[in-house]
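Here the structure comes first, spelled out in structure tokens, and everything after it is commentary.
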Amino acid sequence: MTSPLVKAKSEAEIYINTVFEQMKKKYYHQTEFLQAVEEIFISLVPVFEQHPEYIKHNILSRIVEPDRIISFRVTWLDDQNNVQVNRGYRVQFNNVVGPYKGGLRFHPSVNESIMKFLAFEQIFKNSLTGLPIGGAKGGADFDPKGKSDEEIMRFCQAFMTELYRYIGPDVDVPAGDIGVGGREIGYLFGQYKRICAAHEAGVLTGKKPGYGGSLVRTEATGYGLVYFVEEMLHDHKQSFLDKTVVVSGSGNVAIYAIEKAQHFGAKVVACSDSSGYIYDPDGIDLNILKEIKEVKRDRIRTYIDYRPNASYTEGCSGIWSIPCEIALPCATQNEIDGDAARTLISNGVKVVAEGANMPSNLEAINEFLNNGILFGPAKAANAGGVATSALEMAQNSSRTYWSFSEVDEKLHNIMKSIYLECKNAASTYGFEGNLVVGSNIAGFVKVANGMISEGVY
């Protein structure tokens with residue numbers, strides 16, 4: 001972490017530095033959260049210079065503290081009837097724009113810092129969608145990998161037995177994230193109904209279509225990412241056609257980013273999982289990838305059993321050494337550091353857009369911006385998932401069901417609007433073309449104005 005944040009000269013810079021230094025002292029051990037806060041704060045100097053009322057109302061000190069953090073023990077039985085214990089979280093960060101909204105992540109890396117960073121980012125991402133949803137995140141340090149369906153069901157039931165007290169269609173609406181897909185959401189929703197004796201379909205999103213879920217939700221984050229990049233490219237008189245693309249990850253975000261990029265005429269040559277990455281010079285065969293990851297739930301290395309010209313490499317970081325024109329990091333936080341960014345740049349990358357949450361660290365982001373790379377930050381570029389979750393909430397509330405094409409069209413229009421909002425905010429505050437600054441400012445201003453209008457509480 002740098003100190004101070006910026007060389008303080010104005011009242012705005014002094015205020016932002018002071019709040020950030022207080023944060024560092026208080027949460028020195030929460031590195032992911034501090035990284036997310038720093039990235040936002042750096043962008044906000046011109047906003048506070050033009051809006052001193054934000055200083056008067058001490059918006060920064062208020063917005064970086066969650067409304068509440070719920071932490072609980074999750075006790076469940078494995079298939080051998082052994083008692084297992086995990087830690088669950090729900091961070092309800094800010095509900096000024098609407099009910100708390102954000103995913104649940106089941107992964108061994110889950111801790112309070114990661115939950116806070118994700119929930120903090122979610123505030124501004126959700127604000128950018130233009131839909132009435134606030135920011136939250138949750139999950140547990142439970143690893144679904146290697147678990148039977150019955151073990152996952154029992155864990156989900158135990159998790160919801162603690163969480164149900166704090167959620168509801170007009171209060172907090174969780175969704176899926178890493179380790180939580182339609183299967184897990186189904187188990188969670190079933191337990192919620194048993195406990196509450198109510199069929200409140202809007203209490204969770206990411207349900208399977210036909211059971212209260214929305215079409216396009218599975219594809220939404222990946223599709224939305226590509227729609228956002230499409231707008232970036234069109235704005236610079238370019239397109240996906242014949243571009244070489246590298247995508248990290250092989251979950252829903254990565255798979256459906258690959259699908260939509262291929263639909264637009266791109267050649268996607270690489271993707272990864274937590275073990276390593278594959279490179280297919282002939283282009284990723286999406287049907288094979290879906291068979292491996294969605295049907296068999298197998299490791300990515302088995303791809304080379306189907307495609308003899310493809311290669312597999314242990315470890316994930318090397319994927320960014322593959323030359324490409326468009327890089328879409330869709331795996332996890334901080335997967336692109338400064339060295340990886342410089343390698344991408346030297347190999348001719350022209351566009352980087354984030355499908356995962358905070359996959360590029362600050363050094364990497366600065367490398368991209370300083371070298372004129374078109375860069376789509378996560379809170380804008382990967383907002384398609386939560387946007388479609390909000391569309392699912394709307395369908396649940398109105399007891400309607402929209403077709404695939406209807407939802408897809410709404411998603412496409414939302415991503416176009418997000419791009420324009422970020423672009424215009426960057427231009428308004430003197431950072432033409434810097435979508436990092438633009439997304440931070442556009443998301444922040446709406447929330448800050450709402451906080452002022454509601455008074456101090």
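The values are calculated or read from the model by the stated rules, or taken from the named source; none is laboratory data. Because the structure is predicted, anything quoted here is derived from the model rather than measured. Cβ atoms come from the backbone with ideal geometry, glycine included; neighbour counts cover every protein chain shown.
Against the condition surrounded by 15 or more Cβ atoms within 10 Å (Cβ to Cβ) and within 21 Å of LEU369 (Cβ to Cβ), how does GLY338 come out, does it pass?
So GLY338 fits the description; yes.
Against the definition (more than 16 Å from LYS416 (Cβ to Cβ), charged (D, E, K, R) and part of a helix (DSSP H, G or I)), how does GLU231 come out, yes or no?
Criteria not met by GLU231.
How many of the residues in region 342-367 are among the hydrophobic types (A, V, I, L, M, F, W, C), crowded, with 19+ Cβ neighbours inside 10 Å and within 20 Å of the chain's Cα centre (by Cα)?
7
Each row is one residue, and each column tells you yes or no for (1) free of Cβ contacts under 8 Å to residues at least 12 places away in the same chain; (2) not in a loop (DSSP other than H, G, I, E, B).
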site	(1), (2)
ASN287	yes, yes
ILE304	no, yes
THR313	no, yes
GLY318	no, yes
VAL349	no, no
GLU363	no, yes
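Any residue in region 322-337 that is part of a helix (DSSP H, G or I) and either at positive phi or not assigned by TED's automatic domain parsing to the domain that holds GLY182 (or both)?
No; the residues of region 322-337 include none that is part of a helix (DSSP H, G or I) and either at positive phi or not assigned by TED's automatic domain parsing to the domain that holds GLY182 (or both).
Can you name the number of the only condition in (1) within 30 Å of LYS296 (Cβ to Cβ); (2) buried (at least 24 other Cβ atoms within 10 Å of the Cβ) that LEU128 fails?
With (1) within 30 Å of LYS296 (Cβ to Cβ); (2) buried (at least 24 other Cβ atoms within 10 Å of the Cβ) applied to LEU128, the lone miss is (1).
Which residue pairs have Cβ atoms under 6 Å apart, sit 6 or more places apart or on different chains, and have a first residue in region 56-81 that is in the same structural domain as TYR166 (by TED's automatic domain parsing) and surrounded by 13 or more Cβ atoms within 10 Å (Cβ to Cβ) and a second that is among the acidic types (Asp, Glu) and modelled with pLDDT of 95 or more?
PHE72/GLU162; ASP78/GLU151
GLU432: over 22 Å from the mean Cα position of the chain (by Cα), under 30 Å from ASP337 (Cα atoms) and not assigned by TED's automatic domain parsing to the domain that holds GLU39, yes or no?
yes
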